[in-house]
Amino acid sequence: MAPLQPPVPLEGQVLVEHMAKWYGAEGTGVEAIGDLTLEVAAGELVAVVGASGCGKSTLLRILAGFETHTSGVVEVGGAPVRGPSPRRGVVFQDYGLFPWLTVAENVRYGPRQRKASRRKAKEVAARYIETVGLTRFADRFPGELSGGMQQRVAIARVLANDPALMLMDEPFGALDALTRQSMQHELRRIHGETGTTIVFVTHSIEEAVYLADRVVVMTGGPSHGVPGRIEKIVEVDLGPDRDVNATDFNAIERAVADLVHAPVG
Ligand code: ADP
Ligand code: MG
């Protein structure tokens with residue numbers, strides 16, 4: 001469900017070419033990822049799945065600029081990633097909200113940091129708080145909200161920075177099943193509305209197939225004696241209205257599961 005008109009056509013593009021990541025010194029440390037190549041088009045929603053330890057979070061942290069890669073190319077929007085940027089928004093499993101600020105203040109924080117006027121920041125925050133359906137809770141503190149609501153605030157906070165790229169690492173992993181489903185639905189809607197590129201890491205194959213235009217299947221990892229790598233990229237040719245119980249949905253799910261569980265060689 002790539003939107004017709006991404007906000008900034010090139011800025012959300014991701015290019016990773018022959019990228020390797022060693023923790024510790026190259027050759028003697030741990031090779032978490034070896035020779036990974038991946039292109040993500042602006043406006044695309046790509047999910048990354050794979051067993052624990054195959055390098056999913058490492059890949060995301062490198063794209064976020066929190067971690068440096070060892071060799072190869074890592075570019076976002078045509079420029080090498082050299083560190084974190086508000087244009088690359090990150091949502092993790094723990095919401096990372098400021099507990100002493102209200103919902104509205106949390107969401108306004110980014111725009112204010114970037115020198116938006118008080119009025120502009122307020123306007124932007126109100127818009128994204130509405131996008132995630134929390135207008136009634138704008139003056140509450142995070143501690144007064146459920147986990148699902150806090151995660152929606154975290155998403156609004158990232159959206160308020162108008163990111164070209166959203167990097168999400170198992171963001172719904174701590175939520176109960178029903179909340180998780182509604183968050184998945186919301187994320188698809190938000191993606192359709194904003195056209196932001198999204199790279200979404202998850203353990204859940206169903207979640208990946210429900211959300212993504214393409215599912216990147218990673219395998220290997222140091223605990224398997226080989227660096228993490230991309231096993232295959234599966235196109236999800238299902239259109240916008242996806243039914244997790246439909247035959248074609250289940251067929252893609254099974255294909256991804258077979259790849260995730262394939263013996264590492
Ligand atoms: P995933 O998110 O797919 O579970 P990670 O990217 O967290 O995997 O980890 C990939 C591999 O890199 C694992 O073997 C892990 O132990 C190793 N690793 C991750 N972070 C570090 C670190 N800071 N130092 C050393 N090894 C690490
Ligand atoms: Mg991880």
**Q.** Residues of the range 216-230 that turn out to be over 19 Å from the mean Cα position of the chain (by Cα), small (Gly, Ala, Ser) and under 28 Å from Glu44 (Cβ atoms), as a count
**A.** 2
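Rundown of residues vs (1) of a type in the set (Phe, Trp, Tyr); (2) assigned to a helix (DSSP H, G or I); (3) away from ligand 2 (no atom under 16 Å from the Cβ); (4) at pLDDT 95 or above, yes/no style:
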position: Gln5; (1), (2), (3), (4): no, no, yes, no
position: Glu11; (1), (2), (3), (4): no, no, yes, no
position: Lys21; (1), (2), (3), (4): no, no, no, yes
position: Thr28; (1), (2), (3), (4): no, no, yes, no
position: Gly34; (1), (2), (3), (4): no, no, yes, yes
position: Leu60; (1), (2), (3), (4): no, yes, no, yes
Q: Could you grab me the full set of residues in the range 192-219 that are buried (at least 23 other Cβ atoms within 10 Å of the Cβ) and modelled with pLDDT under 95?
A: Thr196
Q. Restricted to the range 37-47, and to residues that are among the aliphatic types (A, V, I, L, M) and in contact with a Leu (Cβ under 7 Å, 6 or more places away or on another chain), which residue is nearest to ligand 1 (Cβ to nearest atom)?
A. Ala47
Q: Pull up the range 56-96, narrow it to residues that are of a type in the set (Ser, Thr, Tyr) and surrounded by 16 or more Cβ atoms within 10 Å (Cβ to Cβ), then point me to the one that is farthest from ligand 1 (Cβ to nearest atom).
A: Ser85
Q. So Cys54 clears everything in (1) farther than 20 Å from Ala160 by Cα; (2) within 16 Å of ligand 2 (Cβ to nearest atom); (3) not in a loop (DSSP other than H, G, I, E, B) except one condition, right? Which one?
A. (3)
Q | Selection status of Ala51, surrounded by fewer than 22 Cβ atoms within 10 Å (Cβ to Cβ) and assigned by TED's automatic domain parsing to the domain that holds Ile230 | A | yes
Q) Name the residues in the range 39-77 that are among the charged types (D, E, K, R) and closer than 20 Å to Gly29 by Cβ, would you? A) Lys56, Arg61, Glu67
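Those residues that are part of a helix (DSSP H, G or I) and either outside the structural domain of Leu45 (by TED's automatic domain parsing) or under 21 Å from Val14 (Cβ atoms) (or both), I need them from the range 221-258; list them, please.
Val256
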Q.
If I go through the range 145-191 residue by residue, how many of them are within 16 Å of ligand 2 (Cβ to nearest atom), of a type outside the set (Asp, Glu) and under 25 Å from Val40 (Cα atoms)?
A. 5
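The values are calculated or read from the model by the stated rules, or taken from the named source; none is laboratory data. No experiment lies behind these values; they were computed from the predicted model shown. So basically every Cβ, Gly included, is an ideal-geometry build from the backbone, and we count neighbours across all protein chains shown.
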